[in-house]
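A short write-up of the structure that comes next.
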Amino acid sequence: MRTVVGIALAIVLLLGLGIGEGSSPALRSITGDVLTKGRNGKPAVLPGAPIVLRGPIKKETESDTQGAFAIDGLPPGAYEIDANAPGLYAALAVEVSAGTSSTVPVEMNVGAVTGTTSPQLTGLKAMHCAFSRKVHHA
């Protein structure tokens, strides 16, 4: 009799664990491609672009050699994706819902100009001034 009760208890516990797992939200993923417009106007992939995902959790990755990326282990919620490359930037919002995974294209555009001077530009201006003075005095 003890054995039957033990087996019945084990079955109830196992069924209880299975029901508990089914009610918790499953973790999802976001996949996509990072691209920009090429010189010919057609999409061009961007390998090695850093990607930051912010939302209920924060994760970072980068696009692979084909411009693709995947971020796994995400709880459902609203996320923002930021991607950067030299001179390019993209930001978009993505909703990850329970029961689905999201696939998004991340199209990068020219980033905003944050400054108008750089060490290289300063050096070029100094060379231009020196050259101009020599030309005018000749």
Give me P(r) over segment 44-98, computed from all C-alpha to C-alpha distances, binned every 10 Å, as integer percentages.
24, 53, 22, 1
Which order do Arg39, Arg54 take by accessible area at a 1.4 Å probe, largest first?
Arg39, Arg54
Along the charge dipole of segment 48-114, which of Ala90, Val106, Tyr79 sits closest to the positive end, that is, farthest toward it, with unit charges on the beta carbon of Lys, Arg, Asp and Glu (+1, +1, -1, -1)?
Tyr79
The long-range amide H neighbours of Ala49, using H built 1.01 Å from N in the peptide plane and a cut-off of under 5 Å, are Ser63
If I model a spin label at Arg39 and Asp82 as a point 7 Å from the Cα along the Cα→Cβ vector, what separation in nanometres do I get?
3.1
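The values are calculated or read from the model by the stated rules, or taken from the named source; none is laboratory data. Given the structure is predicted, the values throughout are model-derived calculations rather than measurements. Cβ: placed from backbone, ideal geometry, glycine included. Neighbour counts: every protein chain shown. Just so you know, the surface numbers come from the protein's heavy atoms only, side chains and all, with ligands and any DNA or RNA stripped out. Shrake-Rupley method; radii C 1.70, N 1.55, O 1.52, S 1.80 Å.
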